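Down below is the structure, laid out as structure tokens.
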Amino acid sequence: MISKRPASVLGIIAAGALALTACGSDSNTPAGGSSNTVATAPSSSAPVDCGGKKSLTAEGSSAQKGAMDAFIAAYGKACSGQQLAYTPSGSGAGVKQFNGGIVDIGGSDSALNKDKGEVDAANKRCKTNPAWDLPLVFGPVGIAYKLDGVQDLTLTGEVAAKIFSGAITKWNDAAIAKLNSGATLPDKAITVIYRGDESGTTDNFQKYLKAAGKGAWTKDAGKKFNGGVGQGAQGSAGVADALGAGDGTIGYIEWSYIQDKNLTSAKIDSGSGAVALTADSAATAIKNVKVKGEGNDLVLDLDALYASNTANAYPLVLATYEIVCSKGYDADTTKAVKAFLTVAATQAQSALPDAGYVPLPSEFQKKLLDAIQAIS
């Protein structure tokens, strides 16, 4: 379970550029789940048309587990008797289970990859209709570390790329020392911790290293870690445990797990000064993300964000996509999927700061609701 966040986090986000939706709803649907009664989202014009399939299934990204818990709770409140079961098995598994028709919704920290056949497989699953990538969860990724005596560490994309590819192996390396003047860095080996399972977090992190690394990251991106160094751990929870288990470790992990496990994360200097991972700095970055997908396939241009040097912005953020069929579900599944996604995109957003996530920017919320309503 992800721990509660300080009230100050809520205040920071409320003061930022993100428009939060209010919490609460009417619970108007009987336990049978077949009613057409509409429950209205309090701060959104989008109604929630409850009913349809009583028990939805979803699987995928462990990075969004805390957010999904909040979504499921809000869905059960808005649509009494309706449920969704989520399995946080990793983005790779989520795509495979969705494309195989095993689950109704796939969760992935990376959009479907056409070159790897994921788009074609998803469209086939959707009975020759397009599958859509809908970004529903935004979460910063921290470069977390444990190093005795060092509680304040700054890295650049280039130095991080060298660490995670094995080009830098000691904590007192000159490149790290140059960024951390005055810090006492030990002559100690760096132990890289990475996701051993296929993960969209890994994919986004490697894309960040490539975009921000100034040529230092010569490996591929993808859901499998390609750095060639370190120790693998299963899931985000496994990475968090491994990072905290020994001195000299460093790894990439979602902010929610950093908060929950009281881990320390490095500041990132993208060229405009060192920026700590906070709700405010992540929100500053997210509000500038652009959509590069076509129509209602809301794929985001995160590569441009990773390469940017916006002042006071923490650039290493990921978006978790809910992968759904635009058409091709049966009528009951279609109705339930739309109801769940509508609740998640509106009423449930105000619960996300407590779970270590950044609520949807208002512009994305509108685009999402338009796409959700277009599912048929």
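Read the figures in this text as sums done on the coordinates, not as results from a lab. Being a predicted model, the structure only gives us computed values, none of them experimental. All Cβ positions, glycine included, derive from the backbone under ideal geometry; neighbour counts span all protein chains shown.
Would you mind computing Rg(Cα) / (2.2 N^0.38 Å) for region 256-376, counting N as its residues?
1.21
Specify the inter-centroid distance of region 48-124 and region 237-273, based on alpha-carbon positions, in whole Å.
26 Å
Just to be sure I understand the rule: take each whole DSSP H helix in the chain, project its Cα atoms onto its long axis, keep it if the span is 30 Å or more and its mean Kyte-Doolittle hydropathy is at least 0.0. Which ones pass?
In the chain, no H run is both long and hydrophobic enough.
Any chance you could check the Cα centroid distance between region 164-219 and region 320-347 for me, in angstrom?
38 Å
Using helices alone, I'd like the mean residue ellipticity at 222 nm for the chain: each DSSP H run of four-plus residues gives -39500 (n - 2.57), total over residue count, nearest 500.
-9500 deg cm²/dmol
Which residues does the label zone of I102 cover in region 222-236, counting backbone N under 12 Å from a point 7 Å along Cα→Cβ?
Answer for region 222-236: none.
Report Rg/Rh for region 140-285, rounded to two decimals, where Rg is the Cα radius of gyration and Rh the Kirkwood radius.
The Rg/Rh ratio comes out at 0.92.
Any idea how far apart S362 and A85 come out in nm if each label point goes 7 Å out from Cα toward Cβ?
Label-label distance for S362 and A85, simple model: 4.0 nm.
When only alpha-carbon atoms count, how far does the chain stretch along each of its three principal axes, as whole angstroms with the largest first?
On the principal axes, the chain reaches 66, 43, 34 Å in Cα extent.
How far apart, in nm, are the 7 Å Cα→Cβ label points at N312 and A73?
Result: 3.1 nm between the two label points.
Place a +1 charge on the Cβ of each Lys and Arg in region 140-285 and a -1 charge on the Cβ of each Asp and Glu, then give the dipole magnitude about the Cα centre in debye, rounded to the nearest 20.
In debye, rounded to 20, region 140-285 gives about 380.
My understanding is that a pair violates if its Cα-Cα distance is over 21 Å; which of K114/K223; K53/K338; K77/K335; K114/K287; K146/K261; K116/K292 do that in this structure?
K114/K287
Using 0.36 nm per residue, how much length does the chain from A174 to S272 gain when fully extended, once their Cα-Cα distance is taken away?
Once the chain is fully extended between A174 and S272, it gains 33.2 nm.
Quick one: length gained pulling D370 to K114 fully straight, 0.36 nm per residue minus the C-alpha distance?
89.8 nm
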